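Reviewing the structure listed below.
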Amino acid sequence: MKRIAAINDISGFGKCSLTAAIPIISALGVQVCPLPTAVLSNQTCFESFYIKDLTDSMEEIAEKWDELGFKFDGIYSGFLSNERQTDFVMRLTDMYRDAVYILDPVMGDEGKPYKNFTDGLLKNMLNLTEKADVITPNITELCMLTGNSMKTDIISISKMAKSLMRGRLKTVVVTGIREYDNIQNIVFKSDSYKIFNSKKIGDGFSGTGDIMSSIIAGFAVKGLDIYRAVDIASKFISHCISETMKHDFNPQHGIDFENMLGELIKIDG
């Protein structure tokens with residue numbers, strides 16, 4: 001069985017980060033080894049939340065992994081709360097050079113940075129992109145990484161995505177672009193791109209980006225073609241949203257993906 005180190009926060013309430021990554025990547029037949037960056041009472045879209053930073057513990061966990069000789073086929077990082085954590089992930093990628101690295105550069109959304117954002121975090125995140133094989137920014141994060149104002153036309157997005165392709169980075173997946181009645185996820189490679197459209201349902205749900213990145217990470221470790229991975233992820237999320245909207249729901253609570261995990265388990269990839 002393939003094994004992936006998942007570096008992300010864990011929220012007690014709200015289906016995102018590790019509470020999404022662990023079941024989803026597991027459903028794809030990959031062992032998830034969580035390395036929490038922080039523990040939150042609930043995800044940050046609520047009016048208030050408690051957060052416990054785990055930067056020091058991350059170092060100790062990694063040291064024990066190394067001492068015991070654990071190996072990983074992949075590394076998947078999401079929410080990193082400070083510059084020390086980005087430095088840590090940089091060192092971890094050097095420790096496990098043969099592991100495929102999927103980076104979700106969590107820094108902002110809806111045209112705004114998150115509360116923990118700093119210029120130093122941005123600089124370090126940009127350095128991390130050169131260590132990654134695949135990155136999965138939303139359009140806000142893509143603009144932040146490239147120093148551009150918000151642009152959503154395909155020519156501008158393509159130029160921004162390709163400008164990041166340095167070092168190991170060969171694939172940029174820009175997620176959750178709102179285009180009229182569609183949600184677009186676009187895969188960029190150095191010489192091509194492909195757009196995956198899903199019908200826009202509702203006004204937006206928390207955690208869908210984490211689900212997208214988790215599916216991409218799971219399949220990347222297994223060597224599945226990135227185009228197929230994003231196609232599967234787009235359709236899966238759309239189906240989950242449709243099912244969620246059949247019941248009373250709060251978008252901040254995330255989507256009801258649990259009953260849909262069987263769809264991922266059945267995929268031969």
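The values are calculated or read from the model by the stated rules, or taken from the named source; none is laboratory data. This structure is a prediction, so every number in the text was calculated from the model and none was measured. Glycine gets a Cβ as well: all are built from the backbone with ideal geometry, and neighbour counts include every protein chain shown.
Laid out as a table, the results:
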read-out: Residues (among the basic types (Lys, Arg) and modelled with pLDDT under 95) located in the range 152-188; value: Arg178
read-out: Of the criteria (1) outside any helix (DSSP H, G or I); (2) farther than 30 Å from Phe72 by Cβ, which one Asn185 fails; value: (2)
read-out: Given (1) of a type outside the set (Phe, Trp, Tyr); (2) within 15 Å of Val134 (Cβ to Cβ); (3) touching a Lys or Arg at 6+ places or on another chain (Cβ under 8 Å); (4) surrounded by fewer than 23 Cβ atoms within 10 Å (Cβ to Cβ), number of the condition Ser238 does not satisfy; value: (2)
read-out: The range 64-103, subset under 14 Å from the mean Cα position of the chain (by Cα), of a type in the set (A, V, I, L, M, F, W, C) and within 10 Å of Thr37 (Cβ to Cβ), residue surrounded by the fewest Cβ atoms within 10 Å (Cβ to Cβ); value: Phe79
read-out: Residue match in the range 27-44 (condition: within 26 Å of Arg168 (Cα to Cα), in contact with a helix residue (DSSP H, G or I) (Cβ under 8 Å, 6 or more places away or on another chain) and part of a helix (DSSP H, G or I)); value: no
read-out: Residues being touching a strand residue (DSSP E or B) at 6+ places or on another chain (Cβ under 9 Å) and either surrounded by 22 or more Cβ atoms within 10 Å (Cβ to Cβ) or closer than 17 Å to Ile237 by Cα (or both) - total across the range 1-19; value: 12
read-out: Qualifying residue in the range 251-265 (condition: touching an Asp or Glu at 6+ places or on another chain (Cβ under 9 Å) and small (Gly, Ala, Ser)); value: yes
read-out: Phe79 being of a type in the set (A, V, I, L, M, F, W, C) and assigned to a loop (DSSP other than H, G, I, E, B); value: yes
read-out: Residues that are more than 12 Å from Val173 (Cβ to Cβ) and aromatic (Phe, Trp, Tyr), drawn from the range 213-253; value: Phe236, Phe249
read-out: Output for the range 1-28, where each listed residue is charged (D, E, K, R) and closer than 24 Å to Thr86 by Cβ; value: Arg3, Asp9
read-out: Qualifying positions in the range 132-167 - out of contact with any Lys or Arg (no Cβ under 6 Å at 6 or more places or on another chain) and in contact (Cβ under 8 Å) with a residue 40 or more places away in the chain; value: Val134, Thr136, Asn138, Leu145, Ile154
read-out: Residue among Ser149, Ser206, Ser213 that alone is of a type in the set (Ser, Thr, Tyr), at pLDDT 95 or above and not in a strand (DSSP E or B); value: Ser213
read-out: Matching residues in the range 79-109 - criterion: being more than 20 Å from Ser206 (Cβ to Cβ), touching a residue at least 40 places away in the same chain (Cβ under 8 Å), in contact with an Asp or Glu (Cβ under 8 Å, 6 or more places away or on another chain) and not small (Gly, Ala, Ser); value: Val100, Tyr101, Ile102
read-out: Search result, residues across the range 64-76 that are in contact with a strand residue (DSSP E or B) (Cβ under 6 Å, 6 or more places away or on another chain), in a loop (DSSP other than H, G, I, E, B) and either aromatic (Phe, Trp, Tyr) or without any contact (Cβ under 8 Å) to a residue 40 or more places away in the chain (or both); value: Phe72
read-out: Among (1) within 13 Å of Ser206 (Cα to Cα); (2) within 19 Å of the chain's Cα centre (by Cα) - the single one Thr244 does not satisfy; value: (2)
read-out: Top-ranked residue of the range 170-204 - restricted to ones that are under 26 Å from Glu243 (Cβ atoms) and basic (Lys, Arg), ranked as surrounded by the fewest Cβ atoms within 10 Å (Cβ to Cβ); value: Lys199
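The rows are residues; the columns are (1) polar (S, T, N, Q); (2) part of a helix (DSSP H, G or I).
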site	(1), (2)
Asp231	no, yes
Phe236	no, yes
His239	no, yes
Glu243	no, yes
Asp248	no, no
Gln252	yes, yes
